[in-house]
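The values are calculated or read from the model by the stated rules, or taken from the named source; none is laboratory data. If you're wondering where the values come from, they're calculated on a predicted model, not measured in any experiment. Cβ placement follows ideal geometry from the backbone for every residue including glycine, while neighbour counts extend to all protein chains displayed. Note: accessible area is taken over every heavy atom of the protein model, side chains too, but ligands, DNA and RNA are not part of it. Shrake-Rupley method; radii C 1.70, N 1.55, O 1.52, S 1.80 Å.
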Amino acid sequence: MGKKGKKEKKGRGAEKTAAKMEKKVSKRSRKEEEDLEALIAHFQTLDAKRTQIVETPCPPPSPRLNASLSVHPEKDELILFGGEYFNGQKTFLYNELYVYNIRKDAWTKVDIPSPPPRRCAHQAVVVPQGGGQLWVFGGEFASPNGEQFYHYKDLWVLHLATKTWEQVKSTGGPSGRSGHRMVAWKRQLILFGGFHESTRDYIYYNDVYAFNLDTFTWSKLSPSGTGPTPRSGCQMSVTPQGGIIIYGGYSKQRVKKDVDKGTRHSDMFLLKPEDGREGRPEPVCSAPQPPGGKHRDKWVWTRMNPSGVRPTPRSGFSVAMAPNHQTLFFGGVCDEEEEESLAGEFFNDLYFYDATRNRWFEGQLKGPKSEKKKRRRGRREESEGGSKLACGGTGTQVPVEVVKEVVAEDGTVVTIKQVLAAPGSAGQPQSEDEDSLEEAGSPTPGPCPRSNAMLAVKHGVLYVYGGMFEAGDRQVTLSDLHCLDLHRMEAWKALVEMDPETQEWLEETDSEEDSEEVEGAEGGDEDEDEDSGEERGAEDGGCDKPRAHTACTAGRLRAGGVMPRPPLASQRD
């Protein structure tokens, strides 16, 4: 009894500390958010000029990350919303809506009256009712000087059948945040985690909320058991049995004044109704919520210990649901942090989590079928004559390094190195059949390593769009689109190649006069807003950003927030 009481007292103490921290952050950020609300209102005034739905065939969207890519429940379409782009001096935030027609391989820009404000690091979930609905919660907006952030707590729904946006107002929902995760669970939206940051403080969350799609009401869940520590940018997916998996994520904590250290989490938890009814098909919340917004079902956290080959620790990875109810895990970045700098190793590998077996395995490409016969003939020659390879004996396969060079508009050459592991060299392929291992060949180049990319799976085909990687001090935002048939696992196909013309990178303006000119382009000349300023600034939600970058600000990207800035030379030394 003594130990139990001590544990409960410790738990209550942690809750009080978290509540005090949230109150402190909320108080300090209130003034900042009031300032930003005026800027957001200005952009919404520009959006109000849209009075009718306009669908325009267009080239692929501009480079971006921290957007959402969703699958239409009835049509062969992908829906892209929001996101951000940084060109070295300025960040552009978007609330544009694009539709990609898979069969026609064509993009359409859809302008709809009264859209949500510009944002990134939000969450979007599609549900099938009413001809399809796209639900969007939260995200963030940045101030013109890049030092203040507005975290949204609004909930929107895009009615896909009528192409209309609607803001759904309901009390008792989550506080403003970004980097959170949200999934559709029966007739509810379940939301977990995220973070909120003001100029001097930040807080990470591990709370859980449910939004009832029948009653349009929020309720805060209070699961029993030990759950995940506060974090953002994690994996959140629904199991075939109806439970909810949380894996990994990112958080940071202050180690001394003005110095923060990021943590890449690699633990896994299962959230499910306490009475074990997670497999039942009927909705949990078909009846109205009781007074006070308390959820009538009890939930429980359970720590998971999956087998197999797990992803290496990282942040900024992307997640989608693959065939056979498997969760697909792609890319990300592993950082080496110091007090005033951060360098990251980026990935483009695939992992699958099979919830029915509680097992991870690595996705391996088999190679095109047309090459398999050649490889079979070559095997006999290799076994007879032997092969002298750098890292092994006869028949040993080595990793393949693919190098791409992209020449930007300003003449800068960015080299992208992509190391692909040889098939069977680590982990398990999607099919654990030995015959498939025998037929595996050299890997085929696909998307370059990246973090914060957008994923979607339709008809068993994975689509990867955008994201970013770092080349020295330069941060490259991508606009390419690749697809991979997850049933065959043969080879990636590039639908949209990376366009060097979009790889703009501007150096920092040294003089105060230049800085004032940049700010003026954003800040307030109405005539300019009506002309070029609206095109690049107000229309895109552009925000000036300082170049100064520490491990603290870099943590925003790893957490799923507005993009960090490259470090100054003085900070790297």
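Structural remarks
- Subtracting the Cα-Cα distance of Thr229 and Asn358 from 0.36 nm times their residue separation leaves 44.3 nm of extension gain.
- Solvent accessible area, Å² - Ile190, 1.4 Å probe, full protein context: 0 Å²
- Residues of the stretch 181-225 with amide N under 17 Å of a point placed 7 Å along Cα→Cβ from Val300: 222-225
- For the stretch 86-147, the convex hull drawn through the C-alpha positions has a volume of 134 cubic angstrom per residue.
- Model label zone, Lys153; criterion: amide N under 19 Å from point 7 Å along Cα-to-beta-carbon; scope the stretch 41-82: 41
- Computed over the stretch 74-222: relative contact order in percent, which uses C-alpha pairs under 8 Å that are six or more apart: 15 percent
- In plain terms, the chain from Thr162 to Asp275 could stretch by 36.7 nm, reckoned as 0.36 nm per residue minus the Cα-Cα distance.
- The length gained on full extension between Thr51 and Ser307, counted as 0.36 nm times the residue separation minus their Cα-Cα distance, comes to 86.7 nm.
- For the stretch 62-195, average projected area of the Cα convex hull in nm²: 8.8 nm²
- With all protein chains in place and a 1.4 Å probe, the accessible surface of the stretch 50-137 carries 49 percent carbon and sulfur.
- Taking a sphere under 13 Å around the Cβ of Val127 and counting the other residues whose Cβ falls inside, with K and R at +1 and D and E at -1, yields a net charge of 0.
- The stretch 33-44 - phi-based ³J(HN,Hα) in whole Hz, Karplus 6.51/-1.76/1.60, Gly and Pro as x: 5, 5, 5, 6, 4, 5, 5, 4, 4, 4, 5, 5
- Summing +1 for each Lys or Arg and -1 for each Asp or Glu among the other residues whose beta-carbon sits under 10 angstrom from that of Asn101 gives 0.
- Model label sites at His459 and Lys261, defined 7 Å from Cα along the beta-carbon direction, differ in position by 5.0 nm.
- Charged neighbours of Phe216, selected by a Cβ distance under 15 Å, balance to -1 (K, R count +1; D, E count -1).
- In the stretch 236-275, the portion of solvent-accessible area held by carbon and sulfur atoms comes to 43 percent [1.4 Å probe, whole percent, DNA, RNA and ligands not counted].
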